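The values are calculated or read from the model by the stated rules, or taken from the named source; none is laboratory data. Since the model is a prediction, treat every value here as computed from it, not as a measurement. Neighbour counts are summed over all protein chains in view; Cβ atoms, including those assigned to glycine, are modelled from backbone coordinates with ideal geometry.
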Amino acid sequence: MTVSETLVLGLYFSVLATLSVYGLHRSYLVYLYTKYRPPDSPDAPSTIPDASLRSASSDSLPIVTIQLPIYNEMYVVDRLVEAVAALEYPRDRFEIQVLDDSTDETVQVASHAVRLAAARGVAISHVRRGHRDGFKAGALAAGLCHARGELIAVFDADFVPPRDFLRRAVQPFVEPRVGMVQARWSHLNRTYSWLTRVQALLLDAHFVLEHGARYRAGLFFNFNGTAGVWRRTAITTAGGWQHDTLTEDLDLSYRAQLAGWRFVFLDDLAAPAELPVEMNGFKTQQHRWARGSMQTALKILPDVFRAKIPFRTKTEAFFHLTANCNYPLLLVLAVVMVPAIFVRASAGEGATWSQTAVLFLDAPLFGAAMLSVINFYGVSQWALRRDWWKQLWVVPLVLAAGVGLSVNNTRAVLGATRRGGSPFVRTAKYAVVRRGDPWLRKRYRQWSALQPVVELALGLYLTAAIGYALATGLFAAVPFLLLFQSGFLLVALSSLMQQHGGPGMILSAEPASAAPSR
């Protein structure tokens with residue numbers, strides 16, 4: 001075996017082993033979630049019954065400022081303002097700030113929605129900065145200077161909070177150490193297409209298992225930028241909103257928890273939101289989240305490691321903030337998988353030896369990574385739905401989409417290491433809730449010329465590898481190659497079809513309905 005062949009195999013197994021470690025970490029989160037069942041959460045704050053809040057006098061309730069940061073959201077801003085203005089909370093105890101940095105007709109739509117709400121007696125203001133400095137973080141910080149609330153609620157443009165949101169979300173703040181309360185996201189258009197189903201499964205697992213496990217075990221978790229409420233003093237004592245990362249929410253969350261504030265996750269309070277319906281919009285969102293989380297990791301992890309907090313909290317913070325490193329590893333694996341398999345076939349006794357090696361060396365490592373993912377998403381659906389088993393058919397699509405996103409998110413992770421500011425590219429929303437809602441001719445559609453071509457090339461590369469494996473009898477390698485090939489082709493073809501006017505392979509697009517809860 002030559003030096004180059006040895007290096008290929010060494011790289012291949014190193015990547016597989018590292019991915020397996022992250023896979024085992026997912027299993028650890030499932031373990032924490034099941035071990036620390038309420039009311040056994042070690043740091044769960046006490047709350048007061050909702051009935052007490054309903055019977056309390058208006059003056060005893062905290063004043064809440066609701067911030068709505070928007071930028072060019074002409075299709076959904078009126079829906080957002082209407083929903084927030086209808087929240088069940090004493091009118092003299094909350095105010096709404098529409099933080100509008102828009103540069104298009106959104107300004108007029110938002111202004112009209114604000115006037116309608118104000119005519120109903122809602123304390124609401126339309127705040128225009130005239131610039132976009134600091135992006136969302138800058139808008140939130142500017143609004144905070146004029147806010148009168150001791151609590152600050154934040155909703156992005158694609159959300160439609162339930163009427164009882166504030167009543168329920170303010171309860172944990174009776175505990176003075178609580179600095180932030182995060183609600184779970186639900187999905188207005190979950191069943192619109194295969195893409196929205198995939199996103200729903202990803203987000204369900206993030207909230208139920210990642211947030212749920214960390215909160216129950218007393219570990220750090222994060223505000224998700226929307227559908228949450230902050231104690232104002234937690235924001236200011238932690239250093240305020242900062243825009244040196246693309247995930248200002250994640251950054252502030254860690255700074256606040258390092259400063260001693262406790263966070264609460266309300267898994268039984270769900271705030272519905274609209275999922276991106278186009279692949280390029282989804283990629284934009286994932287790119288921003290991946291780049292921002294790595295920027296936050298580079299900024300915050302040194303402080304985490306120096307902090308006087310338990311070792312397991314530091315370890316979990318590391319896995320949390322570096323989770324997107326999986327994507328460069330997946331991309332490297334996709335490239336070296338083919339030569340690694342064929343190197344062993346040529347170095348050994350042909351296809352029989354190589355198949356044995358795949359079954360006894362590759363399969364356990366792949367299994368540790370893949371089975372942990374399947375278990376992760378399955379448990380999250382079991383926790384949310386009576387018909388959880390009906391959602392499991394989406395898991396293979398989640399696995400494939402994760403592979404297909406590796407080009408997009410590798411760019412994001414590598415971009416986080418570069419110095420200088422990062423542009424904040426927001427995810428377009430079209431008010432698409434059910435089949436038949438139009439979006440193909442609406443504004444804000446996003447375009448990517450080169451990236452889908454790279455993804456398509458990788459898909460064809462793996463297609464050729466599958467053909468060669470079948471021709472030479474390397475059948476054991478085909479399932480692994482097929483997973484990566486289908487992922488790249490699925491993502492690439494969806495992007496190309498939507499860019500050129502097609503819907504992008506809509507599957508199972510029955511009208512959305514509320515998921516039955518457990």
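Could you please let me know if Ala492 is modelled with pLDDT of 95 or more and within 17 Å of Ser193 (Cβ to Cβ)? Spell out how you get there, then give the answer.
On the way: modelled with pLDDT of 95 or more: yes; within 17 Å of Ser193 (Cβ to Cβ): yes.
For Ala492, the condition - modelled with pLDDT of 95 or more and within 17 Å of Ser193 (Cβ to Cβ) - is met.
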Q. Hey, among the residues in region 273-332 that are part of a helix (DSSP H, G or I) and without any contact (Cβ under 8 Å) to a residue 24 or more places away in the chain, which one's nearest to Arg435 (Cα to Cα)?
A. Phe318
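If a residue has to be part of a helix (DSSP H, G or I) and either at positive phi or buried (at least 18 other Cβ atoms within 10 Å of the Cβ) (or both) to count, how many in region 87-101 make the cut?
Initial filter on region 87-101 (part of a helix (DSSP H, G or I)): 91-93.
Add one more test, that the residue is either at positive phi or buried (at least 18 other Cβ atoms within 10 Å of the Cβ) (or both), and what stays is 93.
Adding up the residues that qualify gives 1.
Within region 306-316, can one find any residue that is surrounded by fewer than 22 Cβ atoms within 10 Å (Cβ to Cβ) and touching a Ser or Thr at 6+ places or on another chain (Cβ under 8 Å)?
Checking region 306-316: not a single residue is surrounded by fewer than 22 Cβ atoms within 10 Å (Cβ to Cβ) and touching a Ser or Thr at 6+ places or on another chain (Cβ under 8 Å).
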Q: Determine which member of the set Thr191, Thr196 is part of a loop (DSSP other than H, G, I, E, B) and farther than 26 Å from Ala307 by Cα.
A: Thr191
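Which residue is surrounded by the fewest Cβ atoms within 10 Å (Cβ to Cβ), if the candidates are limited to region 73-86 and must be assigned to a loop (DSSP other than H, G, I, E, B) and out of contact with any Phe, Trp or Tyr (no Cβ under 7 Å at 6 or more places or on another chain)?
Filtering region 73-86 down to residues assigned to a loop (DSSP other than H, G, I, E, B) leaves 73-76, 86.
Still in the running and out of contact with any Phe, Trp or Tyr (no Cβ under 7 Å at 6 or more places or on another chain): 73-74, 76, 86.
Working: Glu73: 26, Met74: 22, Val76: 23, Ala86: 14.
So, considering only residues that are assigned to a loop (DSSP other than H, G, I, E, B) and out of contact with any Phe, Trp or Tyr (no Cβ under 7 Å at 6 or more places or on another chain), the one surrounded by the fewest Cβ atoms within 10 Å (Cβ to Cβ) is Ala86.
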Q: Out of Thr226, Thr245, report the one residue that is closer than 18 Å to Ala157 by Cβ, hydroxyl-bearing (Ser, Thr, Tyr) and in a loop (DSSP other than H, G, I, E, B).
A: Thr226
(Q) Filter region 435-468 down to the residues that are of a type in the set (S, T, N, Q) and assigned to a helix (DSSP H, G or I) and list them by number. (A) Gln451, Thr463
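This table checks each residue for (1) modelled with pLDDT of 95 or more; (2) part of a helix (DSSP H, G or I); (3) touching a Cys at 6+ places or on another chain (Cβ under 9 Å); (4) over 18 Å from Leu269 (Cα atoms).
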site: Ala137; (1), (2), (3), (4): yes, yes, no, yes
site: Leu140; (1), (2), (3), (4): yes, yes, no, yes
site: Gly143; (1), (2), (3), (4): yes, yes, no, yes
site: Pro162; (1), (2), (3), (4): yes, no, no, no
site: Phe173; (1), (2), (3), (4): yes, yes, no, no
site: Met180; (1), (2), (3), (4): yes, no, no, no
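Let's see how each residue does on (1) under 23 Å from Lys299 (Cα atoms); (2) surrounded by fewer than 22 Cβ atoms within 10 Å (Cβ to Cβ); (3) out of contact with any Phe, Trp or Tyr (no Cβ under 9 Å at 6 or more places or on another chain):
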site	(1), (2), (3)
Ala238	yes, no, no
His243	yes, yes, no
Glu248	yes, no, no
Tyr254	yes, no, no
Trp261	yes, yes, yes
Asp268	no, yes, yes
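Tell me, which helices (runs of 4 or more DSSP H) wholly within region 340-425 include 2 or more residues that are of a type in the set (D, E, K, R), in contact with a His (Cβ under 8 Å, 6 or more places away or on another chain) and at pLDDT 75 or above?
none
For Val343, state whether it is touching an Asp or Glu at 6+ places or on another chain (Cβ under 6 Å), surrounded by 16 or more Cβ atoms within 10 Å (Cβ to Cβ) and within 27 Å of Leu456 (Cα to Cα).
Values: touching an Asp or Glu at 6+ places or on another chain (Cβ under 6 Å): yes; surrounded by 16 or more Cβ atoms within 10 Å (Cβ to Cβ): yes; within 27 Å of Leu456 (Cα to Cα): yes.
When the stated conditions are applied, Val343 passes them.
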